[in-house]
Structure formats: C-alpha cells, structure tokens
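Report on the structure given below.
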Amino acid sequence: MSLTTSPAADAAFTEPAPSALLLLGRGADLQSERGVECVGGLPAASDPDLVERARAARAALGDRAFVLGHHYQRDEVIAFADVTGDSFKLAREAAARPDAEFVIFCGVHFMAESADILTSDTQQVVLPDLAAGCSMADMAAIDQVTDAWDVLVDASVADATVPVTYMNSTAAIKAFTGRHGGTVCTSSNAHVALRWAFDKVGGVDGTGKVLFMPDQHLGRNTAVQQLGLSLDDCVVFDPRRPGGGLTTQQLRDARMILWRGHCSVHGRFSERNVADVRAADPGVTVLVHPECKHEVVTAADMVGSTEYIIKALDAAPAGSSWAIGTELNLVRRLAAAHPDKKVHYLDSTVCFCSTMNRIDLPHLVWTMESLAAGRTVNRIVVDPDDAHWARVALDQMLALPGY
C-alpha cells in the first residue's frame, strides 16, 4: 500500500491520506524531522525552482561528479543519486568510479569517511551537510575505546580478544580495529566476521572473546541467533562508567563484550509494536533490522539487513502483508514500490533518521552549485595513518567468505 501525500500534507502532516502506511503516527509534523536549516537563502525543497536548479547543477557537473544516495535518504535527494544502496556498497561504488573528480555522498559522516578511505587521492569526497552525523557512531569515541582496551589489558583478557567494529563507526574506530588485528562488518556479514574473529582465539566454543562496537544489539543478536552463544555470554561495556561498569571476573567470563551503543531509530521499536501490529493484522509478516533490540528480533518473523529487507519485499507475493522495522524513508519507498502489498510501519509514531535527513535538497543543490562554480565545500578527508589502518580492517572484511 503506497503512501501518497500532497505538498500541503507534507508541510503539516496531521491526518494521513487514506492510502497512507498503516499505523503511521498521527499528529506529527514532518517538518520537525528535517534537521538543521540549510546555509544561505535557498528556497524550500518543494519549490519547483529548486528542483530545476538541482537538475542544472547536476548537468553542469556531468561525469566530474558521482552522487551516492543511502537508502534512508529522502526521495527528493534519491531522485538525483546515480547509485543507491547501503553504506559500504556506496563506498565501493565510489571506488569503482576513479574518473569521478567529486564523490557527493548523500548519507552521514562515517559513510563519507569510508568512501574517502576507499577512493584515490585524486578524488574528493563531499558531504552536503557536515552536521549529518550518526548518533550510533558517535557513541564510540576513539579515546573511550583506547581506555576500554586498557581495561581489557588490566583484566588480562586483551590478548584473547579480537575487536570487530560495525561499518557504522568512525574512521578512527576502524583504524583502531585494524591496528589490533580485527575487522569491520556489515549487518549482512556480521555472523561471518564474528566467526572469523572467534576462530582467531580458539573458536566459538573456546574461551576467546570479541569486543564488538558500537552497536550492542547487532552484536548480541548475531552472537545469540546465528552463532549459538547465550545471553549470559554477553556483557555490555559502558564507557561512561569506571571499568565499563564490569568486574574483572565478568570480563574474563564473557565471550561477547558489547559496546554500549545503539541506533536511535531501530532502538525505538518494541515488543509492544510487534504485538499491536499482529493484533491489527493477524496475517502480517514482521521483518526487522538486526539493529533492533533482542526482544524485538526474537518476536519478529524475519530479521535482515537493509538490502535483505528490500529483496524480501521484492520477492513477496501480491496481497501479502508486512510490518517493517527500519527507517521510515525506506519503508515509505518500499510501500510506494509495492502497491500490490500491504506495508505497515512497525512503530506507532513517525520516526525518520534525523541526522540522515539533514541531507536535503537545499544542501545538495548548494553543494552541486558550489562544485560547478569551482568551490569545493564540505570535503571529507581522513587522517592518512587512520586511513591506512582502517583500510587494513576493511580489506580483512573483504577477505571474509562471501565477499
């Protein structure tokens, strides 16, 4: 069931259209989800003149620019993307376009960093709004992680611990992981990365450990559901507490040391949401992202990455009913792409990724017009040493089975 609204409805979204996604929250103002205002005097994103300016600027840049659009971006931005995908797919797409002088990454900061690491020195990676960060990535600062490793050293467990960082982390954290013999993972291959890490320290059935950053939920869900570990094998390291809030014995007994981090969007979904949607539609299939809480993943019918969710909807039969637990821009796009299916948004309230939505059409137009005029703006450059070690960790991921 597609979601169709008029520009007026988008401006003050108080009553969903009859064809709106089921269970969308009422009384929400979508304008409040837009994030920061764009620099300069650009018109609102819905202004037809702005769309024409975007087209003109994109045409002026031609092959000099390659525009990447993450799945969670708003439609007005996706319309100008040369490629859409998840964060790592987009970074690899950028690396595969060495002739593009500019890589315009419509995503968040850590994604643009990964693109800078994987592209050549002659290419310039640009983020349309430098305020487009990631709350999850920001939950693991490099000084915190360095201090945490010292705690593991003091507990005499560091030598038996392999760090694994989720792609949704800063370049500095990826570099730390590379320096300490670890790897990066995505939500699609987390189980492969964890098995590889455990194999380095005696196997899943041994006594070795993984320090998983920064999303505790992905780490826990993967370890328990796919590797057969128990919840008791998992502890949460809180960088805001002395010793991570853990005793030396807890660190020695643990198999998965999970960083206290989470996704602000996926962390909103609850068991109550699952129960409510099942009560409203008994035939629904609940499909959630593995960044959701463990109890939500356990209550769902299917769990998978963003790409997995997209493929599942593409393959679903007409007339089937789905409740999707992931970012709302993507769910709306899936609903529009599958009008023959019933698509619910799992949360009872409207929830966009507020930082991802800082990249809007005004910012993209400003970026493209600046580049076309010879002014490079908002370039993302990773420290060379960090870039080297982050590349080591990324290359290790690429060497895992399945890549």
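The values are calculated or read from the model by the stated rules, or taken from the named source; none is laboratory data. No experiment lies behind these values; they were computed from the predicted model shown. Backbone-built Cβ (ideal geometry, glycine too); neighbour counts: all protein chains shown.
Within the stretch 225-236, one or more residues are in a loop (DSSP other than H, G, I, E, B) and at positive phi.
Looking across the stretch 103-125, the residues that are assigned to a strand (DSSP E or B) and either free of Cβ contacts under 8 Å to residues at least 24 places away in the same chain or surrounded by 23 or more Cβ atoms within 10 Å (Cβ to Cβ) (or both) come down to Val103, Ile104, Phe105, Cys106, Val125. Quick one: would you say Ala94 is buried (at least 16 other Cβ atoms within 10 Å of the Cβ), under 20 Å from Ser169 (Cα atoms) and without any contact (Cβ under 8 Å) to a residue 60 or more places away in the chain? It is true that Ala94 is buried (at least 16 other Cβ atoms within 10 Å of the Cβ), under 20 Å from Ser169 (Cα atoms) and without any contact (Cβ under 8 Å) to a residue 60 or more places away in the chain. Among all residues of the stretch 328-345, there is none that is among the small types (Gly, Ala, Ser) and part of a loop (DSSP other than H, G, I, E, B). Kindly indicate the residue of the stretch 236-245 that is buried (at least 17 other Cβ atoms within 10 Å of the Cβ) and in contact with an Asp or Glu (Cβ under 8 Å, 6 or more places away or on another chain) and also farthest from Lys209 (Cα to Cα) among those meeting that condition. Only one residue fits best here, namely Pro239. Of everything in the stretch 67-84, what is closer than 11 Å to Val103 by Cα and polar (S, T, N, Q)? Give them in sequence order. Once the filter is applied, which keeps residues that are closer than 11 Å to Val103 by Cα and polar (S, T, N, Q), the stretch 67-84 yields nothing. For first residues located in the stretch 361-390 and at positive phi, partners that are surrounded by fewer than 20 Cβ atoms within 10 Å (Cβ to Cβ) and lie 6+ apart or on another chain with Cβ distances below 7 Å form the pairs Asn378/Leu130. Checked against (1) basic (Lys, Arg); (2) surrounded by 16 or more Cβ atoms within 10 Å (Cβ to Cβ); (3) over 14 Å from His71 (Cα atoms), Arg333 passes all but condition (3).
Here is a yes/no grid of residues against (1) part of a helix (DSSP H, G or I); (2) modelled with pLDDT of 95 or more; (3) acidic (Asp, Glu):
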position: Trp149; (1), (2), (3): yes, yes, no
position: Val164; (1), (2), (3): no, yes, no
position: Ala172; (1), (2), (3): yes, yes, no
position: Ser188; (1), (2), (3): no, no, no
position: His191; (1), (2), (3): yes, yes, no
position: Ala197; (1), (2), (3): yes, yes, no
position: Gly203; (1), (2), (3): no, no, no
position: Thr207; (1), (2), (3): no, no, no
position: Leu211; (1), (2), (3): no, yes, no
